[in-house]
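Following: one structure in structure tokens, then a few remarks.
Taken together, the values in this text are just the output of simple stated rules run on the coordinates, not laboratory data. Predicted model, so just to flag it, every value in this text is computed and none were measured. Neighbour counts run over all protein chains shown; Cβ positions are idealised from the backbone, glycine included.
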Amino acid sequence: MNTKIHELARYGKSIRALLVEDNDDARLEEANMLSGFFKVVDTAVNGQDGLVKYKCNDYDMVVSDIYMPVMSGVEMVKKIKDIDKDMPIIIISAHDESEYLIDLINAGVDYFILKPLENQKVIDLLLHECRKINNKKVATIEHLADVISHEIRNSLTIINSNAQFCLKYYADNKDLRESLNAVIDSVSFTNRFTEDLLSLSEKEYQLKLTQITDVIKKSINLLNTDLSHKHIKVYFRSATHIPMTYIDSVKMEHVFVNLLLNSMNALEKGGSISVSCTFDRQAENIIIRFRDSGKGIPENHIRDIFDPFVSLSQKGKGLGLAICQRIVDGHNGKIFAENIKKKGAQITIQLPLLEKDNSASVLSG
Ligand SMILES: Nc1ncnc2c1ncn2[C@@H]1O[C@H](COP(=O)(O)OP(=O)(O)OP(=O)(O)O)[C@@H](O)[C@H]1O
Ligand SMILES: [Mg+2]
């Protein structure tokens, strides 16, 4: 139940809902409940009021009663569905109003909840709806990221090759050389950014039976020089038997490098990063933890940081953890962040053991 509430809170923080209910007490009670999950909950006192508010705002979901003066819920739903047939609409009603059921189904209502409201049922339903809304938003972002990144990359290739060409001819001119090098640096920065954007929508996974501890060690080795320059020590320890599993090792390496880079950024004055790998036999999960002695994550951002473009650092793009989340989700795993009581942050990854057969369905789904 707790995990469901957390998941609902994570999706809900970007959701704007309209609640339409004529009874003052019920409206207050339902608005209070929805406000616990959603970013915005506006209220309307009848169907007509609801329709006016709907037209003037940008909502992700409408929750409504049926019997209301001036304009009923059924009438309002029909009008809203005429404007946007995909708008999710949930009806909450005190009675089993089966005579309205056909009308509501024909109007395109998505769900019908009977009062008294049962917490568990309401949470399950809201979560189901929020997941759908979130998937739609993510698909739009991914599509945009994909199109924009490809276009930018084509232009960058041309800018880069022309700058390299000029650099050869004007190598003796110091000012020109410096400015061409600045162009090349900035092209490579933007290239990395577009590659990150592309990783967000990347869906092709090359799964191979892999010893994940090898991938962790390789990721640490890749950063060895930077780590020692910054006076950061990395301690890696692993349980004796970690089963091999099907993973995309290139993508997993991307995850581990991103997590190490974040810890390095949090350790401005040096310190330590502990990486551990264990196996939970009961749940059949491989657990990987990255724990650092850095400044920790501000508590009010601990859930946001996995969203794309959320960065609390000046140079960050806010894509690292969003990519990690996408890749771990793609392996049917979980990733979450917490602060350590003493000092610092800890990111935990839980990866189920994938067998090749079920991994294919996980990744295509
Ligand atoms: N280990 C950590 N300690 C403290 N804060 C962290 C840690 N890991 C992540 N964060 C916070 O989470 C934010 C988001 O991280 P994320 O990796 O998504 O983006 P970023 O590092 O800012 O930029 P980039 O796209 O270059 O990775 C960071 O800006 C940082 O404030
Ligand atoms: Mg990062």
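Structural remarks
- Using θ = phi - 60° in the Karplus curve 6.51 cos²θ - 1.76 cosθ + 1.60, the 3J(HN,Hα) couplings for region 258-268 round to 4, 5, 5, 4, 4, 5, 4, 5, 7, 10, 4 Hz; x is entered for Gly and Pro.
- When only alpha carbons are used to place a centre, region 296-352 and region 204-262 end up 16 Å from one another.
- Global form of region 136-201, assessed from the alpha-carbon gyration tensor, a/c cut-off 1.5: prolate
- Estimated Rh, the chain: Kirkwood, alpha-carbon pairs, angstrom: 23.9
- Placing unit charges on the Cβ atoms of the charged side chains and taking the dipole of the chain about its Cα centre, the candidate lying farthest along the positive direction among I102, L227, Q120 is L227.
- When its C-alpha radius of gyration is set against 2.2 N^0.38 Å (N residues), region 208-364 gives a value of 1.01.
- Surrounding net charge for G344, when Lys and Arg each add one and Asp and Glu each subtract one, Cβ distance under 13 Å: +4
- Relative contact order of region 137-273, taken over Cα pairs closer than 8 Å and 6 or more residues apart, is 25 percent.
- Pairs from K4/K136; K4/K295; K53/K85; K13/K137 whose Cα-Cα separation, in the structure shown, is over 23 Å: K4/K295
- Packing around the peptides 310-317, 147-154, taken as the average count of other Cβ atoms within 10 Å per residue, puts them in this order, highest first: 147-154, 310-317.
- Net +/- balance of residues flanking G12 in space, Cβ distance below 12 Å, scoring K and R +1, D and E -1: +4
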